[in-house]
Amino acid sequence: MLEASLESMRYIADLHIHSPYSRATSKSSSLAGLAAWSSVKGIDVIGTGDFTHPGWFRELRENLQHAEPGFFKLRNVDIPQILESVSTAKAQCRFVLTAEISSIYKSHGSVRKIHNILFVPDFDSASKINTRLASIGNI
């Protein structure tokens, strides 16, 4: 059912999040927790955030499985009940592999920061990006 909605209908997405490894985020923001809150909020697609972090990347690989092209779903993970009035039993959100790249440089005496969000279709692409970025900066 979700496959048809991704192809032919509008959907609600949150594509700029951060993992529990990021500063100023909840350390309990697991994939199952994100899926549970997606049920509460009516979100169909969630960015994973931070696939460049080795620990989070490992968790993504262990807990997500391919669903449709470019989309992933939870692999046999129990989704917790967040609110009594909202069932998470049918939580079917999809995940998209995302990361944020922060480029910091000086121009005309001022520090400039540009943030770009990356979207990749599969773990192999994310792994190649991680390898390349690790060779030139701090991931």
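Computed from the coordinates by the stated procedures, all read-outs in this text should not be read as laboratory data. Here the structure is a predicted model, which is why all the values come from computation and not from measurement. Heads up, the Cβs are rebuilt from the backbone with ideal geometry, glycines too, and the neighbour counts pull from every protein chain shown.
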Two-site label geometry, HIS115 and GLU68: point separation in nm, points 7 Å out along Cα→Cβ: 2.8 nm
What's the ranking of 48-59, 128-139, 9-20 by average number of surrounding C-beta atoms within 10 Å, highest first? 48-59, 9-20, 128-139
Taking the chain and counting helices only, DSSP H stretches of n ≥ 4 at -39,500 (n - 2.57) each over all residues, the nearest-500 ellipticity at 222 nm comes to -9000 deg cm²/dmol
Can you give me the angle between helix 54-63 and the longest principal axis of the chain, using Cα atoms only, in degrees from 0 to 90, rounded to the nearest 10? 20 degrees
Roughly speaking, what is the stretch gain from ARG75 to LYS41, that is 0.36 nm per residue apart minus the C-alpha to C-alpha distance, in nm to one decimal? 10.1 nm
If one takes the longest principal axis of the Cα atoms in the chain, at what angle in degrees, from 0 to 90 and to the nearest 10, does the Cα axis of helix 31-41 lie? 70 degrees
Quick one: helix 123-136 against the long Cα principal axis of the chain, what's the angle to the nearest 10°, folded into 0 to 90? 20 degrees
Lys/Arg Cβ at +1, Asp/Glu Cβ at -1, dipole of segment 2-136 taken about the Cα centre: which of SER39, LEU15, HIS108 is farthest positive-ward? HIS108
How big is the dipole moment of segment 2-136 about its Cα centre under a simple scheme where the beta carbon of each Lys and Arg is +1, that of each Asp and Glu is -1, and everything else is neutral? Debye, nearest 20, please. 580 debye
Below 15 angstrom from the Cβ of ASN138, what's the summed charge of the other residues (Lys, Arg +1; Asp, Glu -1)? +1
Label point 7 Å beyond Cα of ASP14 along Cβ direction - residues of segment 46-73 with amide nitrogen under 18 Å: 46-51, 60, 72-73
Segment PHE123-ALA24, extension gain: residue separation times 0.36 nm, minus the distance between their alpha carbons: 33.1 nm
In vacuum, with every alpha carbon of the chain counted as one equal point scatterer, what does the Debye formula give for log10 I(q)/I(0) at q = 0.15, 0.17, 0.21 Å⁻¹? Two decimals, please. -0.76, -0.94, -1.33
